[in-house]
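In what follows, a single structure is set out as structure tokens and then discussed.
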Amino acid sequence: MANYADFNIGLYFTGLGGDNPPPYPVTFAGLEAAAREKLEHRLFDYVAGGAGDEHTQRANVTAFEQWGIMPRMLAGAAERDLSVELFGHRLPTPLLMSPIGVIGVMTDDEHGDLATAAASATSGVPMVASTLMQDPLEDVAAALGGTPGFFQLYTPNDRDLAESLVRRADAAGFSGIVVTLDTWTLGYRPRDLQHATFPQLRGYCLANYFSDPVFRSRLAAPPEEDPEAATMHWATTFGNPTLTWDDLAWLRGLTDLPLLLKGICHPDDVRRARDGGVDAIYCSNHGGRQAATAPALDLLPAVVEAADAMPVIFDSGLRSGPDIVKALALGATAVGIGRPYGYGAAIGGQAGIEFVLSCLLAEADLTMGLNGYASIAELTPDVLVRGWDKKASA
């Protein structure tokens with residue numbers, strides 16, 4: 001079994017050939033700075049920004065700093081097994097790529113969804129593909145190769161359209177449907193408001209709608225003939241503010257694929273979802289982009305307890321390998337990253353994404369090995385130390 005930490009050795013040996021630094025930054029701060037230089041400023045702010053004063057976004061990140069990892073020596077952790085079981089799939093790592101609704105326009109060729117899918121195919125890290133794509137979901141699913149992928153649904157207020165999107169995702173070969181619950185309307189995002197711009201209102205990343213037979217049937221003219229009218233129709237159908245728990249049976253009935261609810265953070269909501277036939281909980285506060293709330297990591301333990309044996313996916317604030325390990329130790333079955341791979345896409349397309357994934361997995365692998373943990377199963381809450389703050393200890 002090859003350790004993901006071997007990636008580090010590869011970088012060192014490459015450097016022996018002369019002045020050959022890594023092609024991309026190896027830290028989140030470096031990735032963010034490089035993406036800032038590369039992306040158009042409004043697009044960068046859309047990706048990097050958060051809701052309100054962005055305190056929730058910052059708190060998502062700093063919440064990880066409150067936990068330390070207890071080292072155990074002579075544990076025989078020279079070889080590590082990072083694999084996890086999820087919906088009958090044995091995944092090589094616990095890492096997922098969370099949905100990014102503008103990943104399609106973050107690469108030079110504006111086919112970032114396909115680049116992400118290709119990186120998923122080569123790395124074995126599943127992609128959670130957003131409803132908001134620059135290429136149709138069928139094309140993205142085909143690019144995943146043998147790696148399972150998941151389709152994230154922003155439930156529109158047109159039920160026929162929602163059913164069409166889910167059935168297309170099922171037919172295309174996606175392995176599960178992730179319903180995002182916290183984005184029935186846009187949060188208060190000062191950076192976007194200051195620019196008075198929103199990418200989708202400019203017609204970007206709407207390929208799944210423009211290619212959908214139900215959506216097209218609602219238009220007076222096809223999107224290719226009148227893209228502005230099609231975009232305005234999208235804006236009137238995007239969210240569903242009336243969606244309630246009474247609609248869960250309808251959502252569950254749309255597909256036999258595993259159904260995940262994204263944005264669940266309260267134990268009572270976990271139990272209602274479980275009773276309603278949901279297959280997994282996706283604990284997330286949308287990376288601090290939608291509403292001011294508690295740091296998602298602080299909510300994870302109670303979600304895991306309420307979920308019982310049901311899988312729990314977690315994202316919001318992960319920036320490093322130790323973050324991955326800590327979220328797993330708090331009970332997550334798998335963890336999603338967003339901005340890190342998004343910045344990788346911006347500066348290097350598929351290769352940039354693959355590099356970021358390699359860095360994160362190498363650091364997670366080393367974090368486990370050097371602390372004496374050989375498998376994900378060994379990562380329990382007992383391996384964490386509460387109250388440790390790396391800033392205070394520096």
Handout entry: L360, L114, reordered so the largest accessible area comes first (probe 1.4 Å)
Key = L114, L360
Exercise for the section: Grab the DSSP H runs of the chain that are 4 residues or longer, score each as -39,500 (n - 2.57), total them, divide by all residues and round the 222 nm result to the nearest 500 deg cm²/dmol. Expected result: -12500 deg cm²/dmol
Exercise for the section: With an 8 Å cut-off on Cα pairs and a minimum separation of 6 or more residues, tell me the relative contact order of the chain in percent. Expected result: 27 percent
Exercise for the section: Before anything else, pin down the relative contact order of region 236-394: Cα pairs under 8 Å, at least 6 apart, normalised by residue count, whole percent. Expected result: 16 percent
Handout entry: Listed peptides 3-12, 138-147 by packing density, highest first (mean Cβ within 10 Å)
Key = 138-147, 3-12
Fill in the blank from the handout: Taking Lys and Arg as +1 and Asp and Glu as -1, residues besides Q152 with C-beta under 13 Å from its C-beta add up to -2
Problem - At R0 = 35 Å, FRET efficiency that the Cβ-Cβ distance of V385 and R272 yields, to 0.05 - result: 0.55
Exercise for the section: List the residues whose amide H sits under 5 Å from the amide H of W184, counting only those 5 or more places along or on another chain, with H placed 1.01 Å from N in the peptide plane. Expected result: none
Completion exercise
With Cα springs under 10 Å, the Gaussian network model of the chain assigns the largest mean-square fluctuation among L186, L299, L91 to L186
Exercise for the section: Quick one: among S98, S83, S320, which has the greatest mean-square fluctuation in a GNM of the chain with alpha-carbon springs under 10 angstrom? Expected result: S83
Exercise for the section: Search the structure for amide H atoms under 5 Å from the amide H of L153, placed 1.01 Å from N in the peptide plane, and list their residues when 5 or more places away or on another chain. Expected result: V178, V179, T180
Handout entry: For region 132-149, Karplus couplings with θ = phi - 60° (6.51, -1.76, 1.60), whole Hz, Gly/Pro x
Key = 8, 10, 8, 10, x, 4, 5, 5, 5, 4, 5, 7, 6, x, x, 7, x, x
Problem - Amide hydrogen neighbours beyond the local backbone of L96, cut-off 5 Å, H modeled - result: V335, G336, I337
Practice task
Would you kindly state how much longer the chain becomes between S217 and D81 on full extension, computed as 0.36 nm times their sequence separation minus their alpha carbon distance, in nm to one decimal?
Solution key: 44.0 nm
Completion exercise
If each part is reduced to its alpha-carbon centroid, region 244-265 and region 47-123 end up apart, in Å, by 24 Å
Exercise for the section: With a Förster radius of 35 Å, plug the Cβ-Cβ distance of A294 and D19 into 1/(1 + (r/R0)^6) and report the FRET value to the nearest 0.05. Expected result: 0.15
Fill in the blank from the handout: Of every hundred units of 1.4 Å-probe accessible area on the chain, the number belonging to carbon and sulfur atoms, as a percent, is 54 percent
Practice task
Distance between Cα centroids, region 324-338 to region 150-210: provide it in whole Å.
Solution key: 25 Å
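I need the shape label for region 6-137. Rule: rounded when a/c is under 1.5, else prolate if a/b > b/c, else oblate, with a, b, c from the alpha carbon gyration tensor. Walk me through the numbers on the way to the answer.
Numbers: a/c = 1.35, a/b = 1.31, b/c = 1.03.
It comes out rounded by the Cα gyration axes.
Please calculate how many Å² of accessible area the chain carries per residue, with a 1.4 Å probe and no DNA, RNA or ligand atoms counted.
Each residue of the chain exposes 41 Å² on average to a 1.4 Å probe.
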Completion exercise
Sorted on mean Cβ neighbours within 10 Å (highest first), peptides 288-296, 117-125, 216-224, 343-351 come out as 343-351, 117-125, 288-296, 216-224
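The values are calculated or read from the model by the stated rules, or taken from the named source; none is laboratory data. Keep in mind it's a predicted model, so treat the numbers as computed, not measured. Every residue, glycine among them, receives a Cβ derived from its backbone with ideal geometry; neighbour counts consider all protein chains shown. Remember, those area values only see protein heavy atoms, side chains included, never the ligands or the DNA or RNA. Shrake-Rupley method; radii C 1.70, N 1.55, O 1.52, S 1.80 Å.
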